[in-house]
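Data block below; observations after.
The values are calculated or read from the model by the stated rules, or taken from the named source; none is laboratory data. Quick caveat: nothing in here was measured; it's all calculated off a predicted structure. When we count neighbours, we look across all protein chains shown, and the Cβ atoms used for this are built from the backbone with ideal geometry, even at glycine. Ligands, DNA and RNA are excluded from the accessible area calculation, which covers all protein heavy atoms including side chains. Shrake-Rupley method; radii C 1.70, N 1.55, O 1.52, S 1.80 Å.
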Amino acid sequence: MLATVASSTSANRIKRSLMASGINTIVVQTPAPLTKEGCGYSIRFDDSLKPTVEQTASELGINIRAFYSEKTVDGKRKYFKEI
């Protein structure tokens with residue numbers, strides 16, 4: 001799953017906070033199909049951690065733009081916005 005945020009600073013703050021709790025995540029550039037401006041950063045994590053990521057971001061005062069699940073369809077990575 002991906003959580004999109006506005007900057008690498010925001011993504012890394014969330015990542016560091018989660019790491020302090022023993023939770024591993026990866027910061028990546030947001031895939032082009034998910035951004036209007038062609039920039040932004042995301043945190044990639046296991047789907048089961050969504051509530052934890054959401055809570056951590058809230059505690060840090062960081063806005064998560066959206067959550068996306070990732071699936072491979074016909075050999076290509078597809079993204080589905082979570083509601």
>> Just the residues that are open to solvent by 50 Å² or more (accessible area, probe 1.4 Å) and over 15 Å from residue 34 (Cβ atoms), please, taken from the range 61-82.
In response: 61, 63, 72, 73, 74, 75
>> I'm trying to understand the selection: among the residues of the range 22-44, which are in contact with a helix residue (DSSP H, G or I) (Cβ under 8 Å, 6 or more places away or on another chain) and farther than 18 Å from residue 7 by Cβ?
In response: 23, 24
> Are any of the residues in the range 1-14 free of Cβ contacts under 8 Å to residues at least 40 places away in the same chain, among the β-branched types (Val, Ile, Thr), open to solvent by 60 Å² or more (accessible area, probe 1.4 Å) and in a helix (DSSP H, G or I)?
Replying inline: yes
> Under the condition of being without any contact (Cβ under 8 Å) to a residue 24 or more places away in the chain and not basic (Lys, Arg), which residue from the range 32-56 is surrounded by the fewest Cβ atoms within 10 Å (Cβ to Cβ)?
Replying inline: 37
>> Restricting to the range 18-30, give me the number of residues that are open to solvent by less than 40 Å² (accessible area, probe 1.4 Å) and out of contact with any Lys or Arg (no Cβ under 7 Å at 6 or more places or on another chain).
In response: 3
>> What pairs come out if I take residues in the range 68-83 that are within 19 Å of residue 4 (Cβ to Cβ) and in a strand (DSSP E or B) and pair them with residues that are open to solvent by less than 100 Å² (accessible area, probe 1.4 Å) and of a type in the set (D, E, K, R) whose C-beta lies under 7 Å away, six or more apart or interchain?
In response: 68/82; 69/47; 69/82; 71/78; 77/70; 79/70
>> Pull out all pairs, ordered by first then second residue, where Cβ-Cβ is under 8 Å, the residues are six or more apart or on different chains, the first lies in the range 16-27 and is within 15 Å of residue 54 (Cα to Cα), and the second is in a loop (DSSP other than H, G, I, E, B) and open to solvent by 90 Å² or more (accessible area, probe 1.4 Å).
In response: 18/24
